[in-house]
Amino acid sequence: MRTEHTPGSPASGDGEGGERVRPEQEAAATMELIGEPGRLPDQRVAEGLVEISALTQAPWQSGVGVIAPYDFALDRELWRWAPDDISLYVTRLPFVPVPVTVDQASALSDGDGAARATRDLLAPEPLVVGYACASGSFVHGAEGQRRLRQAILDAGAPAAVTTSGALIQALEALRLRRIAVVTPYVDSVTDRLLAYLAEHSVQATSSVGLGLLDHIWRVGYSEVVQAVREADRPDAEAVFISCTNVLTYDIIAPLERMLGKPVLAANQVTMWAALSAVGRRAVGTGQHLLEATAHRAPAV
């Protein structure tokens with residue numbers, strides 16, 4: 001059931017360090033090494049080709065840890081914001097046998113669960129850990145978001161961001177205070193988001209909720225675009241599309257051109273904040289958030 005609310009109604013920079021072998025350099029060297037069919041790898045087929053023994057380092061990569069809900073289905077979307085030399089280490093929170101409600105969001109926001117997931121990610125040494133769940137990070141308000149992020153840090157993450165914390169960082173970076181909101185949620189969950197925004201002095205000029213209790217990742221681009229058109233208001237400075245299980249990568253830039261204002265999305269702000277925390281830029285042509293903050297990193 002789709003619901004709409006208006007105010008007053010019910011409720012690729014490089015990493016630091018020495019010279020490293022980049023993926024494209026290794027690929028070129030590998031192509032040289034292949035040579036003619038039937039030749040052994042250590043046989044030169046032309047003057048100046050690189051031997052295997054010359055590749056003393058593996059191609060450099062940095063890691064971003066991602067804690068996702070058990071029903072998260074959009075791993076590939078997160079990767080689209082990642083530069084080529086960034087790897088995502090994704091783990092999931094334990095299954096909760098409830099639909100997408102306040103109860104589910106509360107269960108996902110458990111600090112002990114986030115801490116366990118963080119420790120599961122530490123072996124490959126991520127530079128930052130992102131909690132990729134909007135409702136789980138706003139359901140208990142601003143203080144709940146801070147507790148959740150601190151639990152990740154206390155578990156050993158070198159840096160930490162949450163989706164809802166990243167949203168506020170993005171709004172502050174763009175100096176936005178009035179936004180229209182689109183969610184896939186039922187009213188009770190959407191209301192928690194509006195209350196969270198209000199705690200940060202952000203006014204929701206309107207909101208549209210799709211009323212979904214499950215299978216959110218199946219929502220198509222056309223339905224998201226329609227919801228954004230319904231939610232937008234002339235006094236809204238931007239539009240936010242909530243939930244990391246909503247596909248948005250391909251429609252952010254077209255929506256911004258259509259509306260003439262920034263469009264922020266849950267996965268976008270999560271990846272933007274996580275990468276910015278370690279001095280990197282997210283990949284997304286024509287996305288206002290990424291282009292407007294290209295030379296700035298948010299505080300975390």
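Readers should treat all values here as calculations from the given coordinates under stated rules, not as data from a laboratory. What you see is a predicted model; the values in this text were computed from it and never measured. For neighbour counting, all protein chains shown are included, and Cβ atoms are generated from backbone atoms with ideal geometry for every residue, glycine included.
For the reader, a short list of remarks on this structure follows.
- Computed from the C-beta positions of residue 150 and residue 222 and an R0 of 35 Å, the FRET efficiency is 0.30 to the nearest 0.05.
- Net length gained if the chain between residue 122 and residue 70 were fully extended (0.36 nm per residue, minus Cα distance): 16.8 nm
- Residue 233-residue 295 FRET efficiency (beta carbon distance; Förster radius 51 Å; 0.05 resolution): 0.95
- Isotropic mean projected area of the C-alpha convex hull, the stretch 62-292 (nm²): 10.6 nm²
- Extended-chain gain in nm, criterion 0.36 nm per residue less alpha-carbon gap, residue 172 and residue 112: 18.7 nm
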